[in-house]
Each structure stands twice: as structure tokens, then as C-alpha cells.
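The values are calculated or read from the model by the stated rules, or taken from the named source; none is laboratory data. Nothing here was measured: the structure is a model prediction, and the numbers come from that model. Heads up, the Cβs are rebuilt from the backbone with ideal geometry, glycines too, and the neighbour counts pull from every protein chain shown.
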Number of protein chains: 2
Amino acid sequence: MSRKEKIAEWFRGLQTDIIQKLEAEDGIGKFGSENWERPGGGGGLTRLLVDGNIIEKGGVNFSAVFGETPAPIQKSFKIEGGDFFATGVSIVIHPINPFVPIIHMNVRYFELSNGQSWFGGGIDLTPAFVFEEDGKIFHQSMKNACEAYDAQAYRKFKETADDYFFIPHRNETRGIGGIFYDRMEANDDAQFEKLWTLTQSVGSTFAPIYTHLMAKRKNMPWTEAEKQWQLHRRSRYVEFNLVYDAGTKFGLETNGRTESILMSMPPLARWESNYVPNEGTEEWKSQQFFRKGIEWV
Amino acid sequence: MSRKEKIAEWFRGLQTDIIQKLEAEDGIGKFGSENWERPGGGGGLTRLLVDGNIIEKGGVNFSAVFGETPAPIQKSFKIEGGDFFATGVSIVIHPINPFVPIIHMNVRYFELSNGQSWFGGGIDLTPAFVFEEDGKIFHQSMKNACEAYDAQAYRKFKETADDYFFIPHRNETRGIGGIFYDRMEANDDAQFEKLWTLTQSVGSTFAPIYTHLMAKRKNMPWTEAEKQWQLHRRSRYVEFNLVYDAGTKFGLETNGRTESILMSMPPLARWESNYVPNEGTEEWKSQQFFRKGIEWV
């Protein structure tokens, strides 16, 4: 098996594994399956869960696509012609309970016929209500996932996530961040192995950390006002994804599969003009965490 | 009074007039007022109505700003340095009843210290449920508003609106269009007068046509399923505004007043993956109208 086949195979297994664990924790919801083919080569498996017991809407998508390198990718990577191969797993989970956080993960591998290859990945958390204790556990697990790569990796990837998941027009971060790395080139076999190990480590961290947070918060009772705060925070999620997210923009511009790209949209979101939570409330306290540079571990 | 003062004065009066008529038709809702100042010069009056009898969320904003021409405007207009003046009225109304359409209007005037000046404007309608009869009345009133300008104006501005209010990733228009014109330069006094007359005509058309549609549809009873379709269509409104709308993008990129720019966001919107209405339903029939090139008059 070639490298790229091995990676795609592992990603496909990761998708299955994560789905099993999410379904087990949800208890009721089941992920639907939709296979799709890319006209130019390859395809994917979109798996979507709606109206579960804990998950209101969740997508866990796998894809492995290849063929002639499309013009926008040639431009983006500053190359000319050739073939490409790209595979990855993308996840966004919108829970019902406002005390269970939204989570997002993406792990990906990209290869060109000229021999160059890159890895990217990350996980970030978007709670409506921030529990400091959960933030610490989440970031510690992100740190652990990066440990094998190198001692500075967590700090670097955490900063990248802080910078990336930022909404300039709101002057706030989307959530409490996590880790994010992109276009890390595998120049030689050693670097390839290191990046592949890192990416597997990140992928494997998703299910345990998120099912832990689901289990911990799923039985907390919530009020209508707390649900409204969640819907309000989801509007910021929409704003970030549609205005700034590079993957979303790139996907929409290059005629990607709209429903796969926009599976990240929340089931319901609310915009209230000039809304600012009252000082001292839990909403207000949570809002204070939506900024860069917080030391979680 | 200079031209620009005269125009700003008329726009300010238009805002007041439209608000009186919208409040009269709504019957319960009252627009709040917020004056704001622009650090570099000028300011505006934001007027927002929330939770009225017919209007769920509506903004009618006036602004008149001036000063040193900001770098992004210099770039956009391919000029260097100098002072600018810009004034306009912007409206977005999100009604409660799914049978009352969303409406958007913008009229604006832009002037540079080198003597160049431009007008822009337009009104477009976004019904969740399309009544052909209402579409005809609406487009006829748009045609009437353009009549004095020239015989071809409606056709041209209607095509521009079809092209502008299009969502490529959904392959559908935002609603049933209307008219839109932008950066029409007033090269001489005659052209200035023609454009100013057109812009006043468009501005004056807003209140009668929209209060007519409000009155006609406000008492139609609606079901929860019909409300859900409205929330679904609002998600497309969000996607258009955040991904494609030039004014929104420009505003967010140039550090505009976020709350004024995003007053266009609906109070609540719903994303359901892979949602397609069943053939033959009213939702499905309405969907058939969300395309370019429909002849309404």
C-alpha cells in the first residue's frame, strides 16, 4: 500500500471509530450515510446525525479525492499542472444542551505528483458556557496529543488556533481555541513519520475528549434563557465560518459540495442586535474567555 | 445648501418618513434611536425595531460620513488621497409572518473632493412564500420608480439585481430580485439631476410598496411548518449577506460599525442539511421562483 492509501485507510477507520463512540455516548442518535463521488476522481462518505439525545446536528465526513490539480489549488500552492491527492476527516458537532460545547476537528493529508506532501489538522472547542475546569482538561488533552511531535508544538499550534479562530468584527475568538496546524511539509521520511504520528495522535484524541465532555455535561438542566445564549453564540459560529474560515471559502469558491462544506452550520442560530450579557452573569463570565492568549495548561 | 447637504437632508427626511409609515402599519412596534459619530468625520442615526406586531426585526439606518478618503475606498475607486463624502439610507425588514416578505433597500450618494460623484440604489424582495401576484405588483412598482430615468432602466437594473442577489453555491437567487444600480457617475449637471431624481423616486417607492405587502399578508394564518420554511429561507439570506454581499464585506473589512452592518441578519435562522421541499408543495413552488431571468412585468 502506498503512503496515501495507508493514510486514507486510517482516516476511514477513524471516521468509523469516532461515529461508534459518538453514537454510544449519544445513546439514541444514529449517523446516516451518504457516499459521493467526485467527477474528477475520488469521493467521500458523509455521515450526518440529526436530533439525537445529546447531539442536535453532527457531521463526521471522510473524503479522499484525486486527479488533475484544479487551478485554484495550483494557484494556492504556487505550482503548475500535475496531479493531486487529498484525504481527510472533518467533524462539527452541535449539541442540544447549551452546557455541552460545540467541537470541530479536521485532519488532512495532501500530496502532489511532484512528490511534495503536507499534513494539517486541529481540534477546537466552542462552548456557549465556559467551564474553566473543562477548558483545562480539553487543552491538556490537546497538549498531550502534541507531546510526541515536540515540546513546543502545543504552544505553537495553540497560538495558531487563537489567531485562526478569531472574529475581527466582533473582536472575540469563536470559542476557547485548541490546536491548529496547516501545510506542514513532509520533506523527508523522518519528517513524514513525525507528522503522520502527530496527525494520528490528534485524530485519536477526538473521541475520548469529546465523549468525556458530553457525558459530564449532558444531564445538566438548562433554562430557556440559557438556550437563547447558546443560539446567540451559534450566530458567531456562523459569522466566523462564512466570513473567515479558509476551508469554507475555498470550498465554496471551488464549487465544492455545498452540503458537506456547510454541515458546519448550526441547526438554529439567533441574531439579537447590540446584545451584551449583563455583568456578572454566567453568560458574561463566559464571554470573558472568548479572547486570545489565555493560558489553559 | 451644497448638493451633498441637500441630498443628506433629503435622506434624513426619507428615514423619518419610512419609519412613520412602517410604525403605522405595524401598529405596535416602535423604532429605537441610536445616534453615532464616526471618529474621522460624520455619523449616523441607527433605528431598530424588534418584536413588533408584524416586524420581528427591522433596521432603517441613515448615515452621512466624510473626511480623508480611507485607503480601501481609494483603492476601490482607483484614486489617491483627497476627501470623501458618503450618505445613504439602508433598510432590512424581517417580518414575523412567513407570508410577509423580507425587504431590503439601499440608496446612497458618494462624492470626492476632486469633483466626482456617484449614486447607487435599489430595492429587492425576499419572500419565503412567493405569491405571483405580489411579485408582479412589486416589480411593477420598481418599473414605475425607474420610468422617469429612462425606458430601459428597469430592465437593466432588474438584470443587475438578478445577477447581484445570486447565491452561486446554492444555485439560486436570494429572493425574487428587484432593481439595483451602483456607481452611476454624475458627469454633468443634467446627469446629476437625472440620477438624483431616480434615487429619490426609488427611496419614495419603498414605504407604499412594502406597507401594501404588509397589510395584504399580515393576517394570513400560518403553521409551524410554514414558519420553519421561513427560518430555512432566512439561512440563505445569511449565507448571501455574509459570503457575497459587497457592502457587508467592505464594511467588515474596513472596520465599519458591526451592529449597523449586520442589522441585516435575521432574528432566527435554521440550517437543515440536504433539505429539499416535496414536489408540488407551496414551498417547492416558491423555490422555483428563486432563479434569474423571470419576467415579472
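Go through region B:207-239 and count every residue that is more than 10 Å from chain A (Cβ to nearest Cβ), of a type outside the set (S, T, N, Q), in contact with a helix residue (DSSP H, G or I) (Cβ under 9 Å, 6 or more places away or on another chain) and assigned to a helix (DSSP H, G or I).
17
Tell me yes or no: at least one residue of region A:259-273 is within 28 Å of B:GLY32 (Cβ to Cβ), away from chain B (no Cβ under 11 Å), assigned to a loop (DSSP other than H, G, I, E, B) and under 21 Å from the mean Cα position of the chain (by Cα).
no
If a residue must be surrounded by 18 or more Cβ atoms within 10 Å (Cβ to Cβ), of a type outside the set (Phe, Trp, Tyr) and out of contact with any Asp or Glu (no Cβ under 7 Å at 6 or more places or on another chain), how many such residues does region B:202-215 contain?
Here the count works out to 4.
Taking the stated definitions as given, is A:ILE96 at pLDDT 95 or above, of a type outside the set (Ser, Thr, Tyr) and touching a helix residue (DSSP H, G or I) at 6+ places or on another chain (Cβ under 8 Å)?
No.
Yes or no: B:LEU48 among the aliphatic types (A, V, I, L, M) and under 11 Å from the mean Cα position of the chain (by Cα)? Spell out how you get there, then give the answer.
Working: among the aliphatic types (A, V, I, L, M): yes; under 11 Å from the mean Cα position of the chain (by Cα): no.
Criteria not met by B:LEU48.
Name the pairs whose Cβ atoms lie under 6 Å apart, with the first residue in region A:38-52 and within 14 Å of chain B (Cβ to nearest Cβ), the second of a type in the set (Val, Ile, Thr) and part of a strand (DSSP E or B), and 6 or more positions between them or separate chains?
A:ARG47/A:VAL60; A:LEU49/A:ILE55
Can you pull out the residues in region B:64-79 that are farther than 12 Å from B:THR254 by Cβ and either outside any strand (DSSP E or B) or in contact with a His (Cβ under 7 Å, 6 or more places away or on another chain) (or both)?
B:PHE77, B:LYS78, B:ILE79
Name the single residue, out of those in region B:22-37 being touching a residue at least 60 places away in the same chain (Cβ under 8 Å) and closer than 17 Å to B:LYS218 by Cβ, that is surrounded by the most Cβ atoms within 10 Å (Cβ to Cβ).
B:LEU22
All but one of (1) farther than 16 Å from A:TRP118 by Cβ; (2) buried (at least 18 other Cβ atoms within 10 Å of the Cβ) hold for A:LEU195, so report the exception by its number.
(1)
Could you tell me whether any residue of region B:195-218 is more than 23 Å from B:TYR275 (Cβ to Cβ) and without any contact (Cβ under 8 Å) to a residue 40 or more places away in the chain?
Scanning region B:195-218 turns up no residue that is more than 23 Å from B:TYR275 (Cβ to Cβ) and without any contact (Cβ under 8 Å) to a residue 40 or more places away in the chain.
Among the residues of region B:146-194, how many are small (Gly, Ala, Ser), in contact (Cβ under 8 Å) with a residue 12 or more places away in the chain and assigned to a helix (DSSP H, G or I)?
Summing the residues that are small (Gly, Ala, Ser), in contact (Cβ under 8 Å) with a residue 12 or more places away in the chain and assigned to a helix (DSSP H, G or I) in region B:146-194 gives 2.
Could you go through region B:5-25 and let me know if any residue there is more than 23 Å from B:THR199 (Cβ to Cβ) and part of a loop (DSSP other than H, G, I, E, B).
Looking for residues that are more than 23 Å from B:THR199 (Cβ to Cβ) and part of a loop (DSSP other than H, G, I, E, B), one finds none in region B:5-25, hence no.
Give the number of residues within region B:267-287 that are touching a residue at least 24 places away in the same chain (Cβ under 8 Å), more than 19 Å from A:THR258 (Cα to Cα) and not aliphatic (A, V, I, L, M).
Of the residues in that region, 5 qualify.
I'd like the residue in region B:241-258 that is more than 13 Å from the chain's Cα centre (by Cα) and touching a residue at least 24 places away in the same chain (Cβ under 8 Å) and, out of all such residues, is nearest to the other protein chains (Cβ to nearest Cβ).
Checking each candidate, the answer is B:VAL243.
Considering every residue within region B:125-142, establish whether at least one is modelled with pLDDT of 95 or more, in a strand (DSSP E or B) and surrounded by 24 or more Cβ atoms within 10 Å (Cβ to Cβ).
Scanning region B:125-142, I find at least one residue that is modelled with pLDDT of 95 or more, in a strand (DSSP E or B) and surrounded by 24 or more Cβ atoms within 10 Å (Cβ to Cβ), so the answer is yes.
Scan B:LYS249, B:LYS218 and give me the residue that is closer than 27 Å to B:GLU23 by Cα and of a type outside the set (Asp, Glu).
Answer to the selection: B:LYS218.
Condition (residue is in contact with a strand residue (DSSP E or B) (Cβ under 6 Å, 6 or more places away or on another chain) and under 22 Å from B:GLU5 (Cβ atoms)) applied to region B:120-135: is it met by at least one residue?
Scanning region B:120-135 turns up at least one residue that is in contact with a strand residue (DSSP E or B) (Cβ under 6 Å, 6 or more places away or on another chain) and under 22 Å from B:GLU5 (Cβ atoms).
The conditions are (1) away from chain B (no Cβ under 14 Å); (2) on the phi > 0 side of the Ramachandran plot; (3) in contact with a Gly (Cβ under 8 Å, 6 or more places away or on another chain); (4) surrounded by fewer than 23 Cβ atoms within 10 Å (Cβ to Cβ), and A:GLY122 fails exactly one of them. Which is it?
The failed condition is (4).
For (1) surrounded by fewer than 17 Cβ atoms within 10 Å (Cβ to Cβ); (2) closer than 22 Å to A:ARG234 by Cβ; (3) touching a Cys at 6+ places or on another chain (Cβ under 9 Å), each residue gets a yes or a no:
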residue: B:ARG233; (1), (2), (3): no, yes, no
residue: B:LEU242; (1), (2), (3): no, yes, no
residue: B:ASN255; (1), (2), (3): yes, no, no
residue: B:ALA269; (1), (2), (3): no, yes, no
residue: B:PRO277; (1), (2), (3): yes, no, no
residue: B:TRP284; (1), (2), (3): yes, no, no
residue: B:PHE289; (1), (2), (3): no, no, no
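Is at least one residue of region B:245-256 at pLDDT 95 or above, outside any loop (DSSP other than H, G, I, E, B) and on the phi < 0 side of the Ramachandran plot?
No; the residues of region B:245-256 include none that is at pLDDT 95 or above, outside any loop (DSSP other than H, G, I, E, B) and on the phi < 0 side of the Ramachandran plot.
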